[in-house]
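These notes are about the structure you will find just below.
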Amino acid sequence: MLEMMVVASILSLGAAMAVPNFLLSNARYQLKQGTKELAGNMNTARILAMNRNATVTVTLAPIACPPAATNCGRILATFTYPGGGTAMPSYLLPPEVIAAGGVSQVQLSSLGLRVGGGVANQAMTITNSKGVTFEVQVTPAGRIRWCATSPCP
């Protein structure tokens, strides 16, 4: 019986040490997936802008809603035309993503170029519940890339 108690305590100590690492890696994985999905959808929006000969605006914003409603505080990515029409379906970033920073809106022209923002890269940052921040950069030429650090090197 004593041997069983020793084995059980060793297993519980191992689990107690593994759970925080698992939660951190899961949150980081969801942030990576959200960042890759955002960059991919922004590239799709750029191609759509060129194909449709229209400017597409990409916006990241938290959902504001009354208490007891679902998806409150989650980050919503929208893709719209200048007149307000929907260019492509909006989507919610993963639940682990709790904040968006940097620029909240990027416009992509019908030539595939970024509209406005000068000659510097524009960055959209997203942060998870563990405080890890990834970044999506848009160059003046409209090229979109993501980095696992913020700011991108």
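A simple charge model with +1 on the Cβ of Lys and Arg, -1 on the Cβ of Asp and Glu and nothing else charged puts the dipole of the chain at about 480 debye relative to its Cα centre. Projecting label points 7 angstrom from Cα along Cα→Cβ for Thr44 and Thr78 puts them 1.8 nm apart. Here the gap between Ala141 and Gln33, fully extended at 0.36 nm per residue and compared with their Cα-Cα distance, gives a gain of 36.4 nm.
Quick one: grab the alpha carbon gyration tensor of the stretch 79-122, order the square roots of its eigenvalues as a ≥ b ≥ c, and give me rounded if a/c is under 1.5, else prolate or oblate depending on whether a/b is larger than b/c. Oblate.
Over all projection directions, the Cα-based convex hull of the stretch 1-96 averages an area of 9.5 nm². Comparing Ala15, Ala39, Ala100 in a Gaussian network model of the chain where C-alpha atoms under 10 Å apart are linked, the largest mean-square fluctuation is found at Ala15. Over the chain, DSSP H runs of length four or greater, each weighted -39,500 (n - 2.57), average out per residue to a 222 nm ellipticity of -12500 deg cm²/dmol. Considering only Met17, Met50, Met88, the Gaussian network model of the chain with Cα springs below 10 Å gives its largest mean-square fluctuation to Met17.
Charge tally around Glu96: other residues with Cβ under 12 Å, Lys/Arg +1 each, Asp/Glu -1 each, net +4.
Scalar couplings 3J(HN,Hα) for the stretch 74-91, obtained by applying the Karplus form with A = 6.51, B = -1.76, C = 1.60 to θ = phi - 60°, are 6, 8, 10, 9, 10, 10, 10, 8, x, x, x, x, 7, 7, 8, x, 6, 8 Hz; x denotes Gly and Pro. Which of the three applies to the stretch 83-153, rounded, prolate or oblate, going by the alpha-carbon gyration tensor with a ≥ b ≥ c and a/c under 1.5 meaning rounded? Since a/c reaches 1.5 but b/c is at least a/b, the shape of the stretch 83-153 is classed as oblate. For the chain, the longest principal axis of the Cα atoms and the long axis of helix 2-52 meet at an angle of about 10 degrees.
Normalised size of the stretch 21-147, defined as Cα radius of gyration per 2.2 N^0.38 Å with N residues, equals 1.06.
Our coupling estimate for the stretch 142-153, obtained by passing each phi through the Karplus curve with A = 6.51, B = -1.76, C = 1.60 and θ = phi - 60°, is x, 6, 10, 9, 10, 10, 7, 9, 9, x, 5, x Hz, Gly and Pro reported as x.
Every number here is computed from the coordinates shown, using simple stated rules; none is lab data. Everything numeric in this text was worked out from a predicted model, so none of it was measured. All Cβ positions, glycine included, derive from the backbone under ideal geometry; neighbour counts span all protein chains shown.
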